[in-house]
Protein chains: 2
Amino acid sequence: MEKKLPTIKEIAQRLNISVSTVSRALHDHPSIGLRTKMQVKKLAEELHYVPNQTAIFFKQRKTYTIGVILPNLREEFFSLATSGIEDKAFENNYIALMGQSHDSIDREKTLVETMQKHRVDGLLVSISKNTSNVDHFQSLLQFNIPVVFFDRVPDVPNIHSVWCSLYHSSMEAIDFLIKKGHKRIGYIQGPDTLSIKNERLQGYLNGLKKNKIVHDPSLVVSSDFSAEGTQKAMDQLLALKNKPTAIITFNDYVALDAMQYVRKKKLKINKDLAFVSYANLPITHYLETPPLASVEQFPYDQGARAAELLFKLIDQKESSESHPFENVVLNSELVIIGQGK
Amino acid sequence: MEKKLPTIKEIAQRLNISVSTVSRALHDHPSIGLRTKMQVKKLAEELHYVPNQTAIFFKQRKTYTIGVILPNLREEFFSLATSGIEDKAFENNYIALMGQSHDSIDREKTLVETMQKHRVDGLLVSISKNTSNVDHFQSLLQFNIPVVFFDRVPDVPNIHSVWCSLYHSSMEAIDFLIKKGHKRIGYIQGPDTLSIKNERLQGYLNGLKKNKIVHDPSLVVSSDFSAEGTQKAMDQLLALKNKPTAIITFNDYVALDAMQYVRKKKLKINKDLAFVSYANLPITHYLETPPLASVEQFPYDQGARAAELLFKLIDQKESSESHPFENVVLNSELVIIGQGK
DNA sequence: CTGTTAGCGCATTCAA
DNA sequence: TTGAATGCGCTAACAG
């Protein structure tokens, strides 16, 4: 039953010519006669011949495959980034192997090994929130396989990376709220384990400073990103004697949970309590009372840029050029969404 | 600069033994002397020897790779499905190559070829909305590479598929609305080109019939899924002399656009005009006035089940078992979300 | 213009 | 217990 895939050998035998002639004919090598070439192509077509890339990979030591490791595909941010990666890969005749770490460092390690076994030409990584070092990427680097980190970039030197700076937008968010008259601005941040750069908080603090507002530490609380965690964080803020009139949340998911919780408490969003967030997910634009603003982090572009950088590094490697560590920083943008105080 | 990777050949030469001995030693073959085995393993360790999987894939004619082709990753439905696929692949020691057709049949074709070039052991496909036949999958099927279609399943015989039946839920949606007192129920469907089974419409029609309501064709309109397309569809419905009091939309994205448009027209959602939709996207649960209900289609499960079926087919193929065409049908569920008339 | 052949790294069969 | 030889499919150097 199992029909064997046709090979150039089979084509050669059927046509009573040599395999190299077939190979050259299929590659439009100039030294092959038109007649022969046509014959070969015709038969190849008929047999549905498809070159066996595993043989070619094996010979060429190149797979035209890149690996992509990221926390998960459920978050729109990562699926948009993946979309950008795949589009760039397609353009460049590469294809992407997908792996989700689910924020487990063990699974991340296993995936790195798997990618290596599959001999990917390069790797794109957005690290799990539990990843604090890059030891498990060392074996790739040893074999000279380029690795580009994106978005969730580990805070270590000598890596290639693409990320979106949130610092300026974070300060801008403070300016924006203060112009609206807010003086008590809360901030719900992520868990401490997240080992990436904390530009949101830095922007928050410097934004306050710039506007000559004294920072009150009780206005900064943490959520583990679960609905319950966010509710607890909100409870902390709402229990303050001197409540905030505006809240900045780590991302739109946190904002959604927080706003839903606040609605239950009969507070009017963007009236009693204003919200500003990060991610600018398309969905927020469909809310009746969306956050006042959200910081766009361009996930699709981040993915696309990271992929481009990776392909550049792969090319450079082939031509034995040197490649200093490259760090692409995009700028986020504060996008006004809702209306209100 | 490029460090050449060590091979068993190199180990053999250094130890003055044969490559087969090295190979066997590394695989703990019982016939190898302990002394030799230890020597080999020690040297392999020192040289950071890693077996070249591309050579093994090549030889074994198996890549432990599956292909996934779907319209895009921007839709949460497909990213959730991909998440399910990747999780099952990881469990089974497989890894997934991703490709987005962007609803272009040409890109879909190219991706099929690419997947075949990469010698995937099997393929999962959710077809583009412009795909009306499965000719471009024939070459895979011919060579006995299993293909499982999921969600967007072509309406042709003799294929493996996993999908979620919407028929019963669609009727249930009608029952649900009629119980609420609605008699004029509109339906916004997709473009005609979508060549998949139209269970939504069938359920709609039979639901009406069952409730002894005469079908009014002017209540069924089409959208191309763009915001403008949906607005036009809404205009058609709202221009009717005898307006609908409830509307069923093809999916939540259409519902979101429709509801936003309706709000602009100062109509009260779920009061002046009720909505029921498909997909049950998490986002709808955060809306202040969500659709009354949405049909859950279990994208993660669909992906996982499709992957499971594919692995089963791959196994069967290896053991030369027969495999009749298998069609897994999940049942959708009408999930009540909002309150209102 | 076309054929012959070596070799990529590995597992494996046959010999010894 | 070990070695020699083979072949997987393809490309490319070399030979005619």
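Restricting to region B:158-199, name every residue that is at pLDDT below 95 and charged (D, E, K, R).
Those that are at pLDDT below 95 and charged (D, E, K, R): B:192, B:197, B:199.
What number of residues within region B:1-25 are among the hydrophobic types (A, V, I, L, M, F, W, C), more than 12 Å from every other protein chain (Cβ to nearest Cβ) and either touching a Cys at 6+ places or on another chain (Cβ under 8 Å) or in contact (Cβ under 8 Å) with a residue 24 or more places away in the chain (or both)?
3
When the residues of region B:26-35 are filtered to those that are near DNA strand C (Cβ under 10 Å from one of its atoms) and more than 21 Å from residue B:4 (Cα to Cα), which remaining residue is farthest from the other protein chains (Cβ to nearest Cβ)?
B:31
Would you mind finding the one in B:242, B:251 that is closer than 22 Å to residue A:281 by Cα and in contact (Cβ under 8 Å) with a residue 12 or more places away in the chain?
Only one candidate qualifies: B:251.
Could you tell me which residue of region B:57-74 is nearest to residue B:104 (Cα to Cα), considering only residues that are within 9 Å of DNA strand D (Cβ to nearest atom) and surrounded by fewer than 18 Cβ atoms within 10 Å (Cβ to Cβ)?
In this case the residue turns out to be B:61.
Looking at region A:36-54 only, could you name the residues that are of a type in the set (Val, Ile, Thr) and more than 12 Å from DNA strand C (Cβ to nearest atom)?
Once the filter is applied, which keeps residues that are of a type in the set (Val, Ile, Thr) and more than 12 Å from DNA strand C (Cβ to nearest atom), region A:36-54 yields only A:50.
Tally up the residues in region A:1-35 that are within 11 Å of DNA strand D (Cβ to nearest atom) and assigned to a helix (DSSP H, G or I), please.
Summing the residues that are within 11 Å of DNA strand D (Cβ to nearest atom) and assigned to a helix (DSSP H, G or I) in region A:1-35 gives 13.
Looking only at region B:290-316, count how many residues are within 30 Å of residue A:265 (Cα to Cα), more than 11 Å from chain A (Cβ to nearest Cβ) and crowded, with 20+ Cβ neighbours inside 10 Å.
5
The values are calculated or read from the model by the stated rules, or taken from the named source; none is laboratory data. Just so we're clear, the structure is a prediction, and the values are computed from it rather than from any experiment. Note that we place each Cβ from the backbone using ideal geometry, even for glycine, and neighbour counts take in every protein chain shown.
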